Amino acid sequence: MSTHPIIAPNLADLLTTHSHLTLTSAGLMLDNVLLTTIADKVGTPCWVLGIGIVLQRLQRIKTAMQAAELNIRIHYAVKANDHCALLSRLGKEGYGADIVSFGELARTQKAGIPAQRILFSGVGKTETEIEQAIGLGVGQINVESAEELALISTIAVRLGKKAPVALRVNPDVDAHTHSKITTGLAHNKFGIPFNDAAALYAHAARLPGIDILGFATHIGSQILEIDPYRAAYARIASLVRDVRSQGLPVYVVDCGGGLGIAYGTDPEAQPEALAHVIRTELGGLDVQLALEPGRWVVGPAGVLLSRVILRKEQGMAVPFLIIDAAMNDLLRPSLYEAWHGILPLTAETMQRPLERVHVVGPVCESSDCFAQNRLLPKLQHQDTLALLDTGAYGSVMSSTYNSRPLAACVVIENNTWEIIRPRQSIEELWHDEIIPTSCAPSTPLA
Ligand code: LLP
C-alpha cells in the first residue's frame with residue numbers, strides 16, 4: 001500500500017505488532033473476546049470492531065498532543081468507518097467529526113455529535129450540502145477552491161448567515177504514500193494551490209457570506225514518514241504569518257489526518273512524532289489547532305472474519321484458498337494491492353505446517369485476491385481466519401457486487417460483543433428495485 005515494499009511478517013511477528021490480538025489455547029482473541037465464538041454465532045464474513053481499542057488509540061493521540069502542550073481538537077474522519085454506534089460513542093467522549101457528504105453529516109447528527117464539532121471537508125460539496133451544513137450550524141467548512149468559496153458566500157447570504165470557513169491549501173508536498181491516496185501534490189484535485197492561498201484568504205475576508213477562520217491541509221493517507229507533515233505545516237505557518245502581516249486574523253489551523261498504520265512490518269506512525277512536528281512548526285502561532293485522523297484510530301481495531309469455502313489445488317503449483325469474504329467486502333487489496341495480515345482463528349490451525357497459498361474470494365474477477373503466495377498454516381474447508389487491520393476503509397467501501405449481501409458487523413467492548421448490523425438478507429438486495437410491468441415475470445417473484 002505504501003511506496004515502501006511490504007515485507008511479509010510471519011505469524012508470530014503479526015501477533016507481536018498487533019498487541020490487541022492474543023492467541024490463547026482457546027483461539028485468537030480481539031480485546032479479550034474469542035473470535036471463533038463470533039464467527040460461529042454470527043457466521044462469516046463478519047466485521048468485528050473493538051470500540052475499547054478505538055478509544056485507547058484516540059486517547060493516545062490526545063495524550064501525545066497534551067504532552068506537547070498543544071491546544072488541539074480531534075475530529076474523527078467519519079469516512080474511515082461510519083457506523084452510528086461508533087460515532088455516537090465518540091460523540092459521547094467529546095470528539096468531533098470530519099465529514100465529506102450530507103450522508104456523513106446526517107449520520108453525525110443521528111449519533112448526537114453537536115454540529116459545532118463538525119468539520120466539512122471535500123472537493124465537491126453540492127449546493128444542497130452547503131445549505132444543510134450552514135443551516136445546521138456546522139463548525140467549519142473547509143473550502144477547496146475559489147469557485148466553491150464564491151458559492152458558499154452566495155448561499156450564506158441567501159440564508160442570512162455567515163459561513164465559518166477555512167481554506168484547504170494544497171502545499172505541493174509528496175507524502176510518499178500510494179498514488180491513489182496522496183492528496184497534497186500540485187496535480188491532485190484537492191485544495192487551493194499554495195501560491196493562490198494568501199490572496200484568496202484576503203478575498204474571503206471581504207466576502208459578505210464568509211467568516212474566515214484560517215487554514216487547513218491534508219496531504220494524504222497511510223503516511224508513515226513524518227517529514228512530509230513538517231514540510232506541509234511549515235508552508236501553512238508561512239501563510240499564517242503572511243496573511244497576518246496584511247492585518248488579517250487567523251484563528252484556526254486544521255492539520256488534517258493521514259497517520260499510517262502497521263499493515264506489514266513497517267512500524268506505524270507515532271502520534272508523539274506528529275505532535276512534535278506540529279509543535280515545532282505551528283505551536284507558536286496562537287491558533288486553535290485541529291486534527292482529522294481516521295485510519296490510525298480505527299484501522300487496527302477491526303478484523304474481517306472469514307471461512308474457507310474450499311481449497312482448489314488439483315493441477316495448481318500453488319493452491320488457491322477460496323474464502324467466503326471477497327472484494328465486495330474488503331476492496332482495498334484489489335483497489336490498491338493493499339497488504340493485510342491473515343491469521344487463523346484457532347490455536348490448533350495456527351500450529352499446522354506452513355504452506356504457500358493464494359487467498360482469494362469467490363467474486364468473478366481475478367483482482368478478487370487477498371494474498372498471493374502467502375505463507376500460512378495449512379487451512380482446510382470450514383477453517384476460519386481473520387483479515388487484520390480492516391477497521392478503516394473496510395465495511396464502508398463494501399458493495400453488493402455479484403449479489404453478495406453486506407456482511408454482518410459486530411462491536412466488542414468491555415469483554416463482550418454485540419451485533420451492530422445483521423447480515424443483509426437476500427430479499428434486501430432487491431427490496432428497492434422496481435420492475436416495470438413490461439418486465440414483470442409471468443410467474444410472480446416470491
Ligand atoms: N481528512 C481528509 C480531508 C481526508 O480526505 C481524509 C482521508 C482524512 C482526513 C482521513 O485520513 P486518514 O487519517 O484516514 O488517513 N480508501 C483509502 C483511504 C482514503 C483516504 C481518503 N481521505 C484506503 O483504503 O487506504
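Where the centroid of each part is defined by its Cα atoms, how far is region 247-285 from region 313-336 in Å?
36 Å
Top to bottom by accessible area (1.4 Å), largest first, where do Asp13, Asp82 land?
In descending accessible area the options line up as Asp13, Asp82.
What is the Cα convex hull volume of region 51-297 when expressed per residue in Å³?
111 Å³
By the scheme Lys and Arg +1, Asp and Glu -1, what is the net charge of all other residues having a beta-carbon under 14 Å from that of Thr177?
Every neighbour counted, the sum reads -3.
How tilted is helix 51-67 with respect to the longest principal axis of the chain? Cα atoms for both, answer in degrees (0 to 90, nearest 10).
40 degrees
Can you work out the accessible area per residue across the chain, with the rest of the protein chains kept in place, probe 1.4 Å, in square angstrom?
I get 42 Å² per residue for this part.
Computed over the Cα atoms of region 325-446, what is the ratio Rg over Rh, Rh following Kirkwood?
1.06
Diagonalise the Cα gyration tensor of region 1-103 and give the resulting equivalent ellipsoid semi-axes, square root of 5 times each eigenvalue, largest first, whole Å. Working shown, then result.
Numbers: eigenvalues 157, 80, 50 Å².
Ellipsoid semi-axes (Å, largest first): 28, 20, 16.
Given Cα pairs under 8 Å that are at least 6 residues apart, what percent is the relative contact order of the chain?
19 percent
Once ligands and nucleic acids are excluded and a 1.4 Å probe is used, how much of Thr437 is accessible, expressed in Å² to the nearest 10?
130 Å²
Taking +1 at the Cβ of each Lys and Arg and -1 at the Cβ of each Asp and Glu, which of Gly50, Ser399, Ser306 sits farthest along the dipole of the chain towards its positive end, judged by Cα position relative to the Cα centre?
Value: Gly50.
What do you get for the angle between helix 127-136 and the principal long axis of the chain? Use alpha-carbon atoms, 0 to 90 degrees, nearest ten.
Approximately 80 degrees, to the nearest ten.
Round to the nearest 10 and give me the degree value, 0 to 90, for the angle of helix 194-206's Cα axis relative to the longest principal axis of the chain.
So the helix axis and the longest Cα principal axis differ by about 60 degrees.
With charges only on Cβ, +1 for K and R and -1 for D and E, what is the dipole size of region 1-139 about its Cα centre, in debye, rounded to 20?
Value, rounded to 20: 260 debye.
Could you report the accessible area of Met397 in Å², rounded to 10, computed with a 1.4 Å probe on the protein chains as they sit in the structure?
50 Å²
Give the average over all directions of the projected area of the C-alpha convex hull of region 147-233, one decimal, in nm².
Mean orientational projected area (region 147-233, Cα hull): 5.9 nm².
To the nearest 20 Debye, how big is the dipole of the chain about its Cα centre, given +1 on the beta carbon of each Lys and Arg and -1 on that of each Asp and Glu?
Roughly 440 debye for the chain.
Restricting to DSSP H runs of at least four residues, report the calculated mean residue ellipticity at 222 nm for the chain, -39500 (n - 2.57) per run over all residues, nearest 500 deg cm²/dmol. Spell out each step's value before the answer.
On the way: 13 runs with 131 residues, N = 446.
Only helices count here, giving -8500 deg cm²/dmol.
Straight-line reach from Lys378: which aspartates and glutamates fall under 20 Å, measuring Cα to Cα and dropping same-chain residues less than 8 apart?
Output for Lys378: Asp13, Glu313, Asp324, Glu348, Glu355.
How charged is the neighbourhood of Tyr76? Take every other residue with its Cβ under 13 Å from the Cβ of Tyr76, and add Lys/Arg as +1 and Asp/Glu as -1.
The answer is +4.
To check my understanding: the extent here is largest minus smallest coordinate of the Cα atoms along each principal axis. What are those three numbers for the chain, in Å, largest first?
Projected onto its principal axes, the Cα set of the chain covers 73, 59, 41 Å.
What number results when the radius of gyration of region 246-396, computed over Cα atoms, is divided by 2.2 N^0.38 Å?
So region 246-396 has a normalised radius of gyration of 1.40.
Taking all protein chains in place and a 1.4 Å probe, what share, in percent, of the accessible surface of region 51-297 do carbon and sulfur account for?
52 percent
Can you send over the solvent-accessible area of Asp432, 1.4 Å probe, protein chains only, in Å² to the nearest 10?
Number for this one is 110 Å².
For region 51-297, compute the number of Lys pairs whose alpha carbons are separated by less than 19 Å, excluding pairs fewer than 8 positions apart on the same chain.
11
Just the number, please: carbon plus sulfur as a percent of the accessible area of region 357-430, 1.4 Å probe, no ligands or DNA/RNA counted.
C and S fraction of accessible area: 49 percent.
The values are calculated or read from the model by the stated rules, or taken from the named source; none is laboratory data. Not measured: the values here are computed from a predicted model. Glycine also receives a Cβ, built like all others from the backbone with ideal geometry; neighbour counts cover every protein chain displayed. For the accessible areas, the whole protein counts, side chains as well, though only heavy atoms, and no ligand, DNA or RNA atoms are used. Shrake-Rupley method; radii C 1.70, N 1.55, O 1.52, S 1.80 Å.
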